[in-house]
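Chemist: I'd like to ask some things about the structure below.
Nothing in this text is a laboratory measurement; each read-out follows from the coordinates by a stated rule. Everything quoted here is computed from the prediction, not taken from an experiment. Every residue, glycine among them, receives a Cβ derived from its backbone with ideal geometry; neighbour counts consider all protein chains shown.
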């Protein structure tokens, strides 16, 4: 296995489909990625099954469709959503601002890890 300093990357390490000449000859790796379209400088947008419900203004970032029920939004920059709470949170202790503290005794590890950024 070579290091990052062993340049250029040759065909022995990746399947080279073609190359470009920009500050030297650079290989373009072969890929089976399905391309939906391109953005600035012909960068590919990968096709997926994710549904885009809307885009943000400014920036045009995608807002993905989901099953989360939004009750309201805060009037802060970005319009942050307020989600409908689970029924078990109605009797939970509250933090300042009325935010509920959910118990985590019954939560599966995989589900809990999904909330970590």
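Chemist: Calculated FRET efficiency, residue 61 and residue 38, Cβ-Cβ r, R0 22 Å, to nearest 0.05?
Modeler: It comes out at approximately 0.80.
Chemist: Given axes a ≥ b ≥ c from the Cα gyration tensor, I'd like to know whether segment 15-100 is rounded (a/c under 1.5), prolate (a/b larger than b/c) or oblate.
Modeler: Judged from the Cα gyration tensor, segment 15-100 comes out prolate (a/c at least 1.5, a/b above b/c).
Chemist: Give the peptides 45-52, 25-32 in descending order of average Cβ contacts within 10 Å, highest first. Walk me through the numbers before you get to the answer.
Modeler: Working: 45-52: 9.5, 25-32: 11.0.
Result, highest mean Cβ count within 10 Å first: 25-32, 45-52.
Chemist: Would you calculate the separation in nanometres between label points at residue 16 and residue 45, each defined as 7 Å from the Cα along the Cα-to-beta-carbon direction?
Modeler: Placing both labels 7 Å along Cα→Cβ, they lie 3.2 nm apart.
Chemist: Provide the gained length on full extension for the span residue 53 to residue 73, in nm with one decimal, where the gain is 0.36 nm per separating residue minus the Cα-Cα distance. List each step's numbers first, then the result.
Modeler: Values: separation 20, 0.36 × 20 = 7.20 nm, distance 1.64 nm.
That works out to 5.6 nm of additional length.
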